[in-house]
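A.B. asks: The following block contains the structure, expressed as C-alpha cells.
Nothing in this text is a laboratory measurement; each read-out follows from the coordinates by a stated rule. A quick note: this is a predicted structure, and the numbers were derived from the prediction, not measured. Here the Cβ is made from the backbone with ideal geometry for all residues, glycine too, and neighbour counts use every protein chain on show.
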Amino acid sequence: MHSKQLVGATAVILFLTLLLAAACAGPAAPEPENVVGATAVPPTRGDIVVDLPDLGAAPEFQNDVWLNSDGPVTLAEQRGKVVLLEFWTFGCINCQRTIPFVQEWQAQYEGDDFTVISIHYPEFAYEREIDNVQDALARYDITYPVAIDNDRHTWRAYNQRYWPTTYLIDKNGRIRYQHIGEFSRGSDQEAVAAIEALMAELDPVD
C-alpha cells in the first residue's frame, strides 16, 4: 500500500474508533448528592394523643377490709382526684410485672390531684389468706391502699374478668380509661398521657 494511502486508512480507523468509544461511554454519571449518615433520620415523635371516652360512673368500692389504710376507702372521698384503680392478685405474674409501673406513677403523681387504689381479688385459695396478701405487700413494697375483695363484690360491680386490669377514674368519678393486662416500656406511655390529661382537666364544681 502506498504511504499516503496508509496514512489515510489509519486516520479513518482512528476516527471510527473515537466515534465508537463516544457511543459506548454514554453521558457521564452525575456526582452523588451529599448524604449525611447511613440511614434516614426518623421524624420526631409528637405528644401522644389518647382517647378518653366517658365509660360511665365508677361503682363505689364495696369492701370492709383494707390494708395500708386506717379504714375503708371510698371513691366518694376521692372526688377532685384522678384515681388509678388496679384489680390484681399477688400470685399472678402479669400483676407482679405491673406493680413497678403503678409504683412509679404513684411516686411521680401522688398528691392533691392523683391517687392509687388497689382491689385484690384472689384467683386461688392461698391468695384468699390475708396474711399472704400482707406478705406480698411487704415483698413488693406496696404502700397504696389495698382492698380485700374475697367475696368479689367490687370485682362484680366493675364486671371484671381479667388480672390485672387498670382503670383511670376522673375527678368527677367517671371511668375514662381501661387497660387489660400488664404494661411494658413503650406501651406505658399511653397510660402516662392519660394520667396527665385527666389531671389537667378542671376540678369538679360543687
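A.B. asks: For the stretch 96-206, rounded, prolate or oblate, judged on the Cα gyration tensor with a ≥ b ≥ c (square roots of eigenvalues), a/c < 1.5 rounded, else prolate if a/b > b/c?
C.D. replies: Prolate shape, in that a/c is at least 1.5 and a/b is the bigger ratio.
A.B. asks: Taking a point 7 angstrom from the Cα of R152 along the C-beta vector, which residues in the stretch 162-183 have backbone N less than 12 Å away?
C.D. replies: 162-163
A.B. asks: Per 0.36 nm of contour for each residue apart, how much would the distance between D70 and A193 grow if the chain were fully extended, relative to their Cα-Cα spacing?
C.D. replies: 41.1 nm
A.B. asks: Right, next: So what J values fall out for the stretch 97-113 if you push phi through Karplus, 6.51 cos²θ - 1.76 cosθ + 1.60 with θ = phi - 60°, rounded to Hz, Gly and Pro as x?
C.D. replies: In residue order, the calculated couplings are 6, 7, 3, x, 5, 4, 5, 4, 5, 4, 5, 7, 10, 3, x, 5, 10 Hz.
A.B. asks: Using the crude model of +1 on Lys and Arg Cβ and -1 on Asp and Glu Cβ, and no other charge, please compute the dipole size for the stretch 66-200 relative to its Cα centre, in debye to 20. Before the final figure, lay out the partial values.
C.D. replies: Details: 12 positive and 20 negative charges, 96 e Å.
Result for the stretch 66-200 is approximately 460 debye, rounded to the nearest 20.
A.B. asks: May I pose another question? Listed highest first by mean packing, meaning other Cβ atoms within 10 Å per residue, what order do 141-148, 91-98 come in?
C.D. replies: 141-148, 91-98
A.B. asks: Stretched out fully, how many nm does the piece from R174 to D135 gain, at 0.36 nm a residue minus the Cα gap?
C.D. replies: Full-extension gain reported as 10.8 nm.
A.B. asks: If packing is taken as the average number of other Cβ atoms within 10 Å across a peptide's residues, how do 192-205, 159-172 rank, most packed first?
C.D. replies: In decreasing order of mean packing, 192-205, 159-172 become 159-172, 192-205.
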